[in-house]
Amino acid sequence: MLQFVLGRAGSGKTEYLRRLLADRSRAGFGGTIMIVPEQYTFETEKAMLRLAGPVRGNSIPVYSFTRLAEAVFRKEGGAVGRRLSDGGRRILMASAVEACQDRLEVYAAAAKSGRITDVMLTAVNEMKMCGISAEELLETSRELGGRGLGKKLSELSLLYDTYDALGAASYLDSRDDLTRLAQALETSDFFKGCTVAVDSFEGFTAQEVAVLTRILQRADQVIVGLGTDGMDRTGTGLFALVDRTRRRLTAAAEENGVK
């Protein structure tokens, strides 16, 4: 089941969610897990210890999406391999550009000058966050035709695919962790029978929505705290971004038969 806890800043959403998990943990109602942004994990852990006590508090894991990926990979596998650093990413992208140089037209001059590496790394990172694969870019480029934007997307898809292939041969890229996490959760029982509280996020990337969708499929209950009064019906009000997030999660639940 998906439940929302809505309210403006200072209305008590976070305290409500923390107390709810603490009470359920003390009462023995299955597993309890909290997911918050990275910068709030330490503060949340301290609060859970205060509310649930040292024994029960330690039994309520507090994860960011990054920490969650690490925990699931430790349990299910998938974390073995050399991690790709920022410097390594630049080297791989430079190698991808060199390998594709004879097939580039729009980006040919930038490729020869060396200016393209950082631009393409930024573009690929954005694509991964938005859950867009090289194959989807290529398909879109074909729909747009062989000129203008279609040609640019075709060349971006080529570089993206080549970069991924070079990296996959020897490295794990942290930019792919949430994509691999969503895949791992398809068959994992990590969240089975759990109550999961998600708090302090204004929005989610496509990768994060994919992970939350897997959690919705497995957990008993997912409770999401959002900073909105829930009253905007125009989509242009003060809380438009947060309300869009709520609608996005609601649609994901409905698509997967989750109440």
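Assorted remarks:
- Scan of the range 179-217 for residues that are under 17 Å from the mean Cα position of the chain (by Cα) and basic (Lys, Arg), ordered by number: Arg180, Arg214
- Pick from the range 208-249, criterion among the hydroxyl-bearing types (Ser, Thr, Tyr) and surrounded by 14 or more Cβ atoms within 10 Å (Cβ to Cβ), ranking: farthest from Gly7 (Cα to Cα): Thr213
- Of residues in the range 20-71 being within 18 Å of Ile215 (Cα to Cα) and in a loop (DSSP other than H, G, I, E, B), the one most open to solvent (accessible area, probe 1.4 Å): Phe29
- Failed item in (1) under 30 Å from Glu45 (Cβ atoms); (2) open to solvent by 60 Å² or more (accessible area, probe 1.4 Å); (3) of a type in the set (S, T, N, Q), with Thr122 passing the rest: (1)
- If you go through the range 170-186 and keep only what is part of a loop (DSSP other than H, G, I, E, B) and either touching an Asp or Glu at 6+ places or on another chain (Cβ under 8 Å) or acidic (Asp, Glu) (or both), you end up with Asp173, Glu186.
- Selected residue (criterion: modelled with the highest pLDDT) from residues of the range 187-202 that are of a type in the set (Gly, Ala, Ser) and open to solvent by less than 10 Å² (accessible area, probe 1.4 Å): Ala197
- Condition met for Thr14 (closer than 21 Å to Asp220 by Cβ and of a type in the set (Val, Ile, Thr)): no
- Condition met for Thr140 (part of a helix (DSSP H, G or I), out of contact with any Cys (no Cβ under 7 Å at 6 or more places or on another chain) and either free of Cβ contacts under 8 Å to residues at least 24 places away in the same chain or closer than 30 Å to Pro61 by Cα (or both)): yes
- Subset tally (residues that are polar (S, T, N, Q) and not in a helix (DSSP H, G or I)) for the range 152-169: 0
- Among residues of the range 162-186 that are crowded, with 16+ Cβ neighbours inside 10 Å, those with a beta-carbon under 6 Å from a residue that is of a type in the set (Val, Ile, Thr) and not in a strand (DSSP E or B) at least six positions away or on a different chain give the pairs Leu178/Val211; Leu181/Val72; Leu181/Val211; Ala182/Val211; Ala184/Val72.
- Filtered residue count, the range 125-147, keeping only those that are charged (D, E, K, R) and either in contact with a strand residue (DSSP E or B) (Cβ under 7 Å, 6 or more places away or on another chain) or open to solvent by less than 60 Å² (accessible area, probe 1.4 Å) (or both): 1
- The residue that is surrounded by the fewest Cβ atoms within 10 Å (Cβ to Cβ), counting only those in the range 87-117 that are closer than 24 Å to Arg147 by Cα and among the small types (Gly, Ala, Ser), is Ser113.
The values are calculated or read from the model by the stated rules, or taken from the named source; none is laboratory data. Source: prediction; values computed, not measured. Glycine gets a Cβ as well: all are built from the backbone with ideal geometry, and neighbour counts include every protein chain shown. When the accessible area is computed, the model is the full protein with side chains, heavy atoms only, and any ligands, DNA or RNA have been set aside. Shrake-Rupley method; radii C 1.70, N 1.55, O 1.52, S 1.80 Å.
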